[in-house]
1. Across region B:69-111, what is the total count of residues that are under 12 Å from residue A:50 (Cα atoms) and at the interface with another protein chain (Cβ under 8 Å from one of its Cβ atoms)?
2. Among the residues of region B:92-111, is any part of a loop (DSSP other than H, G, I, E, B), buried (at least 20 other Cβ atoms within 10 Å of the Cβ) and in contact (Cβ under 8 Å) with a residue 24 or more places away in the chain?
3. Tell me which residues, restricted to region A:37-58, are assigned to a loop (DSSP other than H, G, I, E, B) and under 19 Å from residue B:107 (Cα atoms).
4. Tell me which residues, restricted to region A:1-30, are under 17 Å from residue B:105 (Cβ atoms) and under 33 Å from the mean Cα position of the chain (by Cα).
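A short reminder: the numbers here are calculations on the coordinates, not readings from a lab. Model, not experiment: these values are computed from the prediction. Positions of Cβ are generated from backbone atoms using ideal geometry, with glycine treated the same way; all protein chains shown enter the neighbour counts.
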């Protein structure tokens, strides 16, 4: 049984994370404005960052397990398997 | 005249016996031939049945092996999440950020870059993509994330997309 080709690999973008505490906040704002022109950013608490990381890890687990299941079925319907055709021959009376 | 009738009667009886014997012989031979033919077919059927049983046993062994491999692979896929959960439980990121934000930032960016490249590899892409220069220039990308620096340098700016991977 023929198997279909896999989807093309994901194309992911690098993401830069800034870690800021109260002590370096002013320096960070200055540096951020120099680098990006404006001071506008998305902030995450440490707990939310952890949740985001765990969510992505779980999605990765799901992708990998789906892939393993696909590999299982591909191996199960391996075209090189020896399929014997069994036919019935009626006996003479 | 009586002798002639008696002789004819005897000849008739003998002829009848001979015909009966011939008929019995022919029908017996025909039955033997049919039985021989049926026996050959039954032997073939038995061979096919044995071959089918052997094939089923081979299939069962194959599926058992595939199932064991699948269970092992499914378990292995849990490793990254378990490891991350364990690491997050062990660390106190808030305290680490208060103590040395720059060091923690390097570790996070290193781990993030490594994660993206891991997922790209998982889906069949090329994991050896160059790292962005801002990650290269970070003073410390974390002791556990040094392998994420193997991709070489890339002069892209913040949050630039990685190079498009070719379709397979």
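1. Pass one, region B:69-111, residues under 12 Å from residue A:50 (Cα atoms): B:81, B:84-89, B:91-94, B:108.
When the remaining residues are screened for being at the interface with another protein chain (Cβ under 8 Å from one of its Cβ atoms), the result is B:81, B:84-85, B:88, B:93-94, B:108.
Count: 7.
2. Just the residues of region B:92-111 that are part of a loop (DSSP other than H, G, I, E, B), to begin with: B:92, B:100.
Restricting the remaining residues to those that are buried (at least 20 other Cβ atoms within 10 Å of the Cβ) gives none.
Looking for residues that are part of a loop (DSSP other than H, G, I, E, B), buried (at least 20 other Cβ atoms within 10 Å of the Cβ) and in contact (Cβ under 8 Å) with a residue 24 or more places away in the chain, one finds none in region B:92-111, hence no.
3. Applying the first criterion (assigned to a loop (DSSP other than H, G, I, E, B)) to region A:37-58 yields A:37-45.
A:43, A:44, A:45 - these are the residues of region A:37-58 that are assigned to a loop (DSSP other than H, G, I, E, B) and under 19 Å from residue B:107 (Cα atoms).
4. In the first step, residues of region A:1-30 are kept if they are under 17 Å from residue B:105 (Cβ atoms); the result is A:14-30.
Answer for region A:1-30, where residues must be under 17 Å from residue B:105 (Cβ atoms) and under 33 Å from the mean Cα position of the chain (by Cα): A:14, A:15, A:16, A:17, A:18, A:19, A:20, A:21, A:28.
Let's see how each residue does on (1) touching a residue at least 40 places away in the same chain (Cβ under 8 Å); (2) exposed (fewer than 10 other Cβ atoms within 10 Å of the Cβ); (3) under 30 Å from residue A:64 (Cβ atoms); (4) touching a helix residue (DSSP H, G or I) at 6+ places or on another chain (Cβ under 8 Å):
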site	(1), (2), (3), (4)
B:1	no, yes, no, no
B:4	no, yes, no, no
B:7	no, no, no, no
B:10	no, no, no, no
B:26	no, no, no, no
B:33	no, no, no, no
B:47	no, no, no, no
B:52	no, no, no, no
B:72	no, no, yes, no
